[in-house]
1. Restricted to the range 662-685, and to residues that are open to solvent by 20 Å² or more (accessible area, probe 1.4 Å) and free of Cβ contacts under 8 Å to residues at least 60 places away in the same chain, which residue is nearest to the chain's Cα centre (by Cα)?
2. For the range 41-53, how many residues are open to solvent by 10 Å² or more (accessible area, probe 1.4 Å) and at pLDDT 70 or above?
3. Does V13 satisfy the condition of being open to solvent by 40 Å² or more (accessible area, probe 1.4 Å), in contact with a Phe, Trp or Tyr (Cβ under 8 Å, 6 or more places away or on another chain) and at pLDDT 70 or above?
4. Going through the range 154-180 one residue at a time, which ones are hydroxyl-bearing (S, T, Y) and either part of a strand (DSSP E or B) or closer than 20 Å to A207 by Cβ (or both)?
5. So F398 passes all but one of these: (1) more than 24 Å from N303 (Cβ to Cβ); (2) at pLDDT 85 or above. Which condition number does it fail?
6. Looking at the range 495-544, which of the residues that are among the acidic types (D, E) and surrounded by 15 or more Cβ atoms within 10 Å (Cβ to Cβ) is modelled with the highest pLDDT?
7. Kindly list the number of the only condition in (1) closer than 20 Å to D118 by Cβ; (2) open to solvent by 50 Å² or more (accessible area, probe 1.4 Å) that fails for A177.
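The values are calculated or read from the model by the stated rules, or taken from the named source; none is laboratory data. Every value quoted in this text rests on a predicted model; they were computed, and no experiment measured them. Ideal geometry is used to build each Cβ from the backbone, glycine not excepted, and the neighbour counts take in all protein chains shown. For accessibility, only protein heavy atoms count, side chains too; no ligands or nucleic acids. Shrake-Rupley method; radii C 1.70, N 1.55, O 1.52, S 1.80 Å.
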Amino acid sequence: MKNKKKAVLHIVVIIAVIALCSFTALVGFTKQHKGSAKNIKLGLDLAGGVSITYDVVGDKPTDQELKDTVKMMQKRAEVHSTESSVVTDEKGRIVIDIPGVDDADKVLADLGKEGSLDFVAADDMDLSSGSPVYTKTICTGKDIESAEAGTTKDESTKNKEYVVSLKFKSKGTKKFAEATEAAAPTHAIIYIVYDGKIVSSPSVTNAITNGEAQISGGFKTYEEADELASYIRIGALPVELKAAQSQVVGAQLGLDAIQSSLLAGAIGFALVVLFMVVFYRLPGLASSIALIFYLVVMLVALNGLDITLTLPGVAGIILNIGMAVDANVIIFTRIKEELAKGKSVQSSIKLGFDKALSAIVDGNVTTLIAAAVLYVKGSGTVKGFATTLAIGIILSMFTALVITKVLLNAMYALGLDKVKYFGVEKQRKTIKFVENKAKFFILSGLMIVACVATLLINKGTGRFSGNILNYGLDFLGGTTYDITFPEDTKIDSELKSNIEKLFSDTAKSNDVVISEVAGTNGLSVKTVELNDEQRATLNDTLQKTYKVEEKNIQNQNISASVSDEMKSDAILAVTIAAICMLIYIWFRFKDIVFAGSAVLALLHDVIFVLMIYGLTSISVGNTFIACMLTIVGYSINATIVIFDRIRENLGARKSEEALAEVVNESITQTLTRSINTSLTTAIMVVVLAILGVDSVRDFAIPLLAGFVCGAYSSVCITGTLWFTLKKFMMKRKAK
């Protein structure tokens with residue numbers, strides 16, 4: 001007997017949670033409106049923030065000193081927002097942009113605190129409070145002359161190990177000698193404390209009286225040793241900084257960007273719901289309610305966790321609505337398959353969720369692994385993207401596996417138990433994918449050749465100033481203008497549009513970013529690097545056309561906000577993530593061929609998107625990193641669904657003919673899922689591309705290309721590639 005009361009209770013609880021989260025998203029759950037959507041921290045592009053310029057006091061610092069100072073300031077700025085940017089200008093000044101804040105004085109106070117580095121004896125430490133407390137210090141960062149990471153060979157094991165070599169100044173040598181003489185007999189610890197946190201706790205093996213110490217034994221990689229060395233070097237700022245200018249800047253893209261993205265989200269969401277209900281009937285309705293649950297909880301989480309949301313983040317969340325459908329599509333396809341076998345509706349629901357579980361978990365865990373690696377190893381935009389990605393994955397899994405399941409069972413218990421409400425999977429003739437693998441491989445090979453040719457042609461012809469891609473301000477740096485207009489000049493959308501056109505025409509580039517400056521009748525404009533002739537033309541036009549006095553026009557060249565270190569961090573993070581995903585797939589599928597095929601298909605999709613960037617003039621900036629990372633997650637998820645079905649169908653069949661049959665069957669069986677997931681995701685991206693502002697469109701077009709290629713590779717490449725590699729290994733083993 002069906003428990004209708006329990007079913008009604010489940011539906012009421014879910015609707016109540018949606019209502020509560022909706023109320024929280026609108027109002028908040030404290031007097032400070034914590035959790036409300038309007039209090040979500042927005043990035044510099046959407047809501048503006050604080051921009052601060054520091055002058056270096058005294059002698060010109062070395063490149064290493066300036067690099068260390070920028071790194072330290074980046075870490076401090078990220079306390080306010082992971083999307084913060086710290087760059088240097090042509091005069092060696094440090095320029096910091098922090099989104100989502102409007103109190104310049106408070107930010108100045110936080111950034112201006114000297115980074116304290118203390119060497120503290122174990123006897124003076126009290127860790128009961130959760131953070132180190134001590135009465136006196138042995139020495140400070142100001143006593144350090146140098147700190148460098150390096151390698152050495154352990155005398156006993158003869159193994160290479162990573163170390164940090166310290167050299168103390170004269171006063172520090174004396175103080176450190178006294179401390180180590182006292183600590184050596186008992187091998188006591190000397191804690192290294194930076195900004196109130198223990199960053200290392202080496203034990204003393206012998207007295208150090210010559211002012212040269214070495215920390216060893218605790219570093220697994222050179223990077224770990226280098227990070228500690230950097231902390232020690234920047235413990236006391238190597239250069240003295242003085243705030244030269246601070247200002248609150250307005251949104252770089254304005255309300256139009258947010259409004260158009262929200263409109264795109266609303267239209268895309270409505271189309272996805274319509275598609276799901278029409279194609280999947282009752283399960284589609286259940287998933288649509290679950291999607292609403294996902295959306296409102298996501299809004300509350302963004303504010304509750306103080307995540308800074310930039311324009312790519314807005315597009316990413318809207319995109320996640322389309323991707324969140326994927327798990328539901330896998331489940332519903334399974335339910336329809338079970339109904340086609342003659343199973344009852346109740347059994348089909350249970351079996352549908354059970355059989356879909358492994359594909360959903362494996363696909364999402366691999367993406368979560370990538371998000372975790374990106375968060376730990378990345379910085380700036382990469383770290384912010386990883387946070388949003390991880391939250392979206394966890395919520396989408398919960399809504400599909402829990403909320404949708406509860407709703408479906410409740411609806412069944414209330415009498416919606418006829419097969420017609422669910423639909424039956426139609427028998428599909430097995431498509432011969434394996435037999436056509438040569439065509440697929442040739443097509444992909446031609447695409448890879450075309451990509452390489454495009455990049456070489458771009459570089460050879462100088463289409464993008466000698467670069468293979470159209471690198472934007474984030475990657476190359478550029479020129480920033482601060483313009484203060486006469487009081488009778490109104491700062492409105494028309495003026496901004498005219499100034500944007502002026503800079504675009506002069507710089508011969510559409511890469512122009514404009515923001516208002518709070519407290520002044522001025523604009524801040526960033527564009528590609530301008531030469532002296534272009535600057536003179538701009539200054540002349542601003543003075544004659546807009547009556548701006550010469551003293552109110554200030555310009556300077558700035559370095560790239562995506563520094564070489566940030567780029568290398570992103571590349572390293574993606575590489576480690578790919579290796580971790582490979583290991584996970586290898587472990588779960590117990591076959592290295594599955595893992596190798598998945599990673600090769602992933603590289604195939606990334607290369608295709610690179611070609612799209614190379615063929616078009618779309619600017620390569622922070623959104624490029626987010627775009628590539630999104631495609632990596634999408635590609636690996638789509639591949640695992642097919643591999644999961646191959647693993648299920650494989651059984652004991654080991655012959656070459658049986659393997660071909662398994663691959664063809666598996667891809668054919670999952671074809672509906674592949675098409676429908678691609679469609680729902682494409683709906684969101686197409687609407688973004690049509691309705692979004694230029695920056696959103698430049699994000700959406702490569703994404704759309706990546707998803708199309710990802711759908712193609714998952715259906716036509718991954719399974720056939722697995723078959724080809726498996727056949728090769730079988731023949732090699734036979735020999």
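1. S678
2. 2
3. The answer is no for V13.
4. Once the filter is applied, which keeps residues that are hydroxyl-bearing (S, T, Y) and either part of a strand (DSSP E or B) or closer than 20 Å to A207 by Cβ (or both), the range 154-180 yields Y162, S165, S170, T173, T180.
5. Failing condition for F398: (1).
6. Looking at residues that are among the acidic types (D, E) and surrounded by 15 or more Cβ atoms within 10 Å (Cβ to Cβ), I get E500.
7. Result: A177 passes all but (2).
Table: residues versus (1) modelled with pLDDT of 80 or more; (2) over 17 Å from the mean Cα position of the chain (by Cα); (3) over 24 Å from L679 (Cβ atoms); (4) not in a helix (DSSP H, G or I).
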{"position": "F275", "(1), (2), (3), (4)": "yes, yes, no, no"}
{"position": "I289", "(1), (2), (3), (4)": "yes, yes, no, no"}
{"position": "L295", "(1), (2), (3), (4)": "yes, yes, no, no"}
{"position": "V300", "(1), (2), (3), (4)": "yes, yes, yes, no"}
{"position": "A315", "(1), (2), (3), (4)": "no, no, no, no"}
{"position": "L319", "(1), (2), (3), (4)": "no, no, no, no"}
{"position": "G322", "(1), (2), (3), (4)": "no, yes, no, no"}
{"position": "V325", "(1), (2), (3), (4)": "yes, yes, no, no"}
